[in-house]
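Here is the structure we will look at.
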Amino acid sequence: MARHICQSCGMPLAKDPKGGGLEKDGRTHSTRYCSLCYDNGVFLQPDIKVTSMQHLVIHSLQRNGWPKFAAWLATRNIPKLDRWNGNP
């Protein structure tokens, strides 16, 4: 799986305004997870299910002007990301 996208939500890490989530040390940026999903070495929504993540991303993309179909299409690979395949 490509490492240039968040391995939780699929957002391109280059688009993360904070440069990625922070690891436990509070200084090192994660190379795997965005700041919307991960901070201080933990997931911000630890109990979210993959389908809920897909819905969250769809709604977020639509709020940013994406057509519904394009937003849905952009979430199809989320279940294949590391977080959802036991590789956090």
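General observations
- Taken over segment 57-79, the criterion of being under 18 Å from Gln45 (Cα atoms), in contact (Cβ under 8 Å) with a residue 24 or more places away in the chain and surrounded by fewer than 16 Cβ atoms within 10 Å (Cβ to Cβ) is satisfied by Pro79 alone.
- Number of positions in segment 28-55 that are within 19 Å of Leu73 (Cα to Cα), free of Cβ contacts under 8 Å to residues at least 24 places away in the same chain and either under 10 Å from the mean Cα position of the chain (by Cα) or assigned to a loop (DSSP other than H, G, I, E, B) (or both): 1
- Being modelled with pLDDT of 95 or more and out of contact with any Cys (no Cβ under 9 Å at 6 or more places or on another chain) is a description that does not apply to Gly21.
- Thr28 meets each of the listed conditions (1) more than 25 Å from His55 (Cβ to Cβ); (2) in contact with a Lys or Arg (Cβ under 8 Å, 6 or more places away or on another chain) apart from (2).
- Residues of segment 56-88 that are closer than 14 Å to Gly10 by Cβ, assigned to a loop (DSSP other than H, G, I, E, B) and under 14 Å from the mean Cα position of the chain (by Cα): Thr75, Arg76, Asn77, Leu81.
- Residues (of a type outside the set (Lys, Arg), at negative phi, assigned to a loop (DSSP other than H, G, I, E, B) and surrounded by fewer than 12 Cβ atoms within 10 Å (Cβ to Cβ)) located in segment 9-27: Pro17, Asp25
The values are calculated or read from the model by the stated rules, or taken from the named source; none is laboratory data. Values in this document were obtained by computation on a predicted structure and should not be read as measured data. As a convention, Cβ positions derive from the backbone with ideal geometry for all residues, glycine included, and neighbour counts pool all protein chains shown.
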